[in-house]
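Input: a single structure, listed below in structure tokens.
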Amino acid sequence: MATSEVMIEKRNSKRALLDSVMRIVFLLSTLVGIVALVILIGSVLKDGLGALSIEFFTNFSSSRPERAGIKGALIGTIWLMALTTPIAIFLSVGTALYLEEYAPKNKITRFIEVNIANLAGVPSVVFGLLGLTIFVRQFGLGNSVLAASLTLSLMIMPVIIVSSKEALRSVPHSIREGSIGLGASKWQTIYRIVLPAAIPGIITGIILAISRAIGETAPLVVIGIPVALLTTPDSIFDSFQALPMQIYNWVKMPQEGFVALTAAGIIVLLAILLMMNLVAVLIRNKYSKRF
């Protein structure tokens, strides 16, 4: 009897020790990311806050750091995201709705779903080559806002489609059956019941996708977006600058003054990203409380 109690006590001690070790391992794993993020943000703020001025926002790009600004890149980025976001959301959510609600559950559908999921992991430069071939050369759109928006939309669509499908799938079938049982049509059930219930999950995917798109440089480099342009776009067919490209160009500049400008550009990019995420989170929270 005494021997059994000793064995049980030893076993419990080992379990408690393992729990403590794993807790420390997970804590350290979390701290690595947090510390790196704090150091990164702190370094950027330290270098870039001093460069934020009215001239920084009103001047165009220049080879002289004292005259360089982000006016063209900032306006170009707003154009880019204002066009990319609705295109990507409309096409992605529409695709997810078809695959989840209308498409027959057969091998072809599963093949398409698997390939969409695989596309989410394809390097962004590949989408840049795709955009260069189709939109820039075949459609003759050049390095315009529309060509860049379509390229970035293709890049982020797999992420939104996969997250939207998961969100739609999480809505219980009993809700759909109840709605149809009360006389609603298929589309009325989707529009009034399924979509609002799935919006929190869909918005989460959109946040992740847009966050990726706004900071991407590789596809823009491939389709030939200029790093210096002394004008702003007036339509979706005009050439433009983008903030990530501006930052990428400043990083390569040898003058010391561009270090602060690069950090200031990163601060502005992060601010735009946080504002977009804030709007998305507010929408998500609104529908999370409703359903």
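Treat every Asp and Glu Cβ in the chain as -1 and every Lys and Arg Cβ as +1, leave all other atoms uncharged, and give the resulting dipole magnitude about the Cα centre to the nearest 20 debye.
Values: 24 positive and 15 negative charges, 170 e Å.
With Lys and Arg at +1 and Asp and Glu at -1, about 820 debye.
Residue by residue through the range 101-110, which ³J(HN,Hα) values in whole Hz follow from phi under the Karplus form 6.51 cos²θ - 1.76 cosθ + 1.60 (θ = phi - 60°), with glycine and proline marked x?
9, 10, 5, x, 7, 10, 5, 5, 4, 5
Could you give P(r) for the range 68-107, binned at 5 Å from zero, as whole percent values over all Cα-Cα pairs?
All Cα pairs considered, the percentages come to 6, 20, 14, 13, 11, 10, 8, 7, 5, 4, 1, 1.
Averaging the inverse of every distinct alpha carbon separation and then flipping it gives the Kirkwood radius. What is it for the range 3-126, in angstrom units?
Numbers: mean 1/r = 0.0465 Å⁻¹.
Hydrodynamic radius (Kirkwood, Cα pairs) of the range 3-126 is 21.5 Å.
Just to verify a number: what accessible area does residue 170 come out at with the full protein assembly present, 1.4 Å probe, Å² rounded to tens?
Solvent-accessible area, nearest 10 Å²: 80 Å².
Select from 242, 276, 259 the residue farthest towards the positive end of the dipole of the range 221-291; place +1 on Cβ of Lys and Arg, -1 on Cβ of Asp and Glu, and compute about the Cα centre.
276
How large is the translational diffusion coefficient of the chain in µm² per second when you combine the Kirkwood radius over alpha carbon pairs with Stokes-Einstein at 25 °C and 0.890 mPa s?
Values: Rh = 22.3 Å.
In µm²/s, the coefficient is 110.
Quick check: with the 1.4 Å probe, what order do 26, 60, 135 take by accessible area, largest first? Before the final figure, lay out each step's value.
Details: 26 125, 60 55, 135 20 Å².
Reading off the accessible areas and sorting them downward yields 26, 60, 135.
Could you check the spin-label model distance between residue 286 and residue 117? Points 7 Å from the Cα along Cα→Cβ, value in nm.
In this crude spin-label approximation the distance works out to 3.3 nm.
Spelling out what I want: for every residue of the range 174-182, take phi, set θ = phi - 60°, compute 6.51 cos²θ - 1.76 cosθ + 1.60 (Karplus), and round to whole Hz; glycine and proline get x.
Residue by residue, the range 174-182 yields 4, 5, 4, 4, x, 5, 5, x, 8 Hz.
How high is the relative contact order of the range 58-192, given as a whole-number percent (alpha carbon pairs under 8 Å, six or more residues apart)? Don't jump to the answer; show the numbers that get you there.
Details: 105 pairs, mean separation 37.9, N = 135.
Reported as a whole number, the value is 28 percent.
Specify which residue in the list 118, 181, 215 is farthest towards the positive end of the charge dipole of the chain, using unit charges on the beta carbon of Lys, Arg (+1) and Asp, Glu (-1), about the Cα centre.
Positive-end residue among those listed: 181.
Just subtract the alpha-carbon distance of residue 175 and residue 20 from 0.36 nm times their residue separation and send over the number in nm, one decimal. Mind dumping the intermediate values first?
Values: separation 155, 0.36 × 155 = 55.80 nm, distance 4.35 nm.
Net length gain for the segment: 51.4 nm.
Apply the Karplus curve 6.51 cos²θ - 1.76 cosθ + 1.60, θ = phi - 60°, to the phi angles in the range 62-67 and return the couplings in whole Hz, x for Gly and Pro.
3J(HN,Hα) across the range 62-67, in whole Hz: 8, 7, 9, x, 5, 10.
Give the accessible area for residue 206 in Å² (nearest 10); use a 1.4 Å probe, count only protein heavy atoms, and leave out ligands, DNA and RNA.
Only protein atoms counted, so the area is about 20 Å².
Using a 1.4 Å probe and counting only protein heavy atoms, arrange 136, 25 so the residue with the most accessible area comes first.
Solvent-accessible surface, decreasing: 25, 136.
Hey, if you put +1 on the Cβ of every Lys and Arg and -1 on every Asp and Glu Cβ in the range 1-51, which of 43, 27, 16 ends up farthest toward the positive end of that dipole?
16
Which order do 157, 245, 276, 7 take by accessible area at a 1.4 Å probe, largest first?
Numbers: 157 30, 245 5, 276 55, 7 110 Å².
The residues order as 7, 276, 157, 245, largest area first.
The values are calculated or read from the model by the stated rules, or taken from the named source; none is laboratory data. All values reported here derive from a predicted model rather than from experimental measurement. Please note: Cβ atoms are built from the backbone with ideal geometry, for glycine as well, and neighbour counts cover all protein chains shown. For the accessible areas, the whole protein counts, side chains as well, though only heavy atoms, and no ligand, DNA or RNA atoms are used. Shrake-Rupley method; radii C 1.70, N 1.55, O 1.52, S 1.80 Å.
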